[in-house]
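First the structure, in the form of structure tokens, and then the observations on it.
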Amino acid sequence: MSMPNDVENVRNDSPARIYLQPIAAPSILGLYGFAGATFMVAANMAHWYGTANSPIYLAPFVLMFGGLAQFLAGMWAFRARDGIATAMHGMWGAFWIAYGILQLMFISGRVVQPTGQFSELGYWFCILAVITWSGAYAAAAENRGLVLVLSFLAAGSTTTAIGELAGMEWLMVLSGYLFMIAAVCAWYVATALMVNEAQGREVMKVGKSRHVLSMPPISIGTGEPGVIRGQA
């Protein structure tokens, strides 16, 4: 039986080819996208600003900045072998995309926005809270800065869930402040990742655990590709 040409021409002693594809830390983009969208929406929830037209102005930026940009960061985190970043950026990016679409549907009049209790959104925040608390627990093994981000985010999701289910406006205001703290923490961690990568050394502390400190930075590309894990 004849063999295909590409198989016939392969020699057993032919050298293997390895393609190095180092990438920057995806969480730089993901955390900045999260921080920007979350702070803007949270400040509106806390009544720092806003009119009846605020959802019109916020929805496109939330959808793209907190949604698409963060979701893409979550997908790139797969290549960084970072399960926490994959789960958190992917989940919250998808949520912000859906949230932006929902606001556009409210604005267009296709869907009537509930007043008082919003049980459907409340239950979604229950799911977000459970998954984000799980992410905070997992992050404790790697990065204390990320633990702060996810803990305040999970706390805000919890109070938002209760506020939406019970129709408690004061809880929504509290949620806004918790989300803003999470956004500020996310800004710091993203800035630390970016500055440390640019400087080639740890200039801004993020509270890495010992086993993370022993790992090479992923953007350098040293070591065996596919074995390097995380975004140290």
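The numbers here are math on the coordinates, done by the rules we state, and not lab data. If you're wondering where the values come from, they're calculated on a predicted model, not measured in any experiment. Heads up, the Cβs are rebuilt from the backbone with ideal geometry, glycines too, and the neighbour counts pull from every protein chain shown.
Quick one: grab the alpha carbon gyration tensor of region 41-137, order the square roots of its eigenvalues as a ≥ b ≥ c, and give me rounded if a/c is under 1.5, else prolate or oblate depending on whether a/b is larger than b/c.
Working: a/c = 2.14, a/b = 1.67, b/c = 1.28.
Note, shape of region 41-137 comes out prolate.
In square nanometres, what is the average projected area of the Cα convex hull of region 25-210?
So the mean shadow area of the Cα hull is 10.1 nm².
For the peptides 170-179, 45-54, what is the packing order when you average, over each peptide's residues, the other Cβ atoms within 10 Å and list the highest mean first?
In descending order of packing, they fall as 170-179, 45-54.
With charges set only on the Cβ (+1 for Lys and Arg, -1 for Asp and Glu), what does the dipole of region 25-210 come to about its Cα centre, in debye to the nearest 20?
Computed charge dipole of region 25-210: roughly 460 debye.
Let me know the volume per residue of the alpha-carbon convex hull for region 155-214, in Å³.
Per residue, the Cα convex hull of region 155-214 comes to 82 Å³.
Hey, if you drop one equal point scatterer on each alpha-carbon of region 34-94 and run the Debye formula without solvent, what base-10 log of I(q)/I(0) do you get at q = 0.23 Å⁻¹?
Log10 I(q)/I(0), no solvent term: -0.83.
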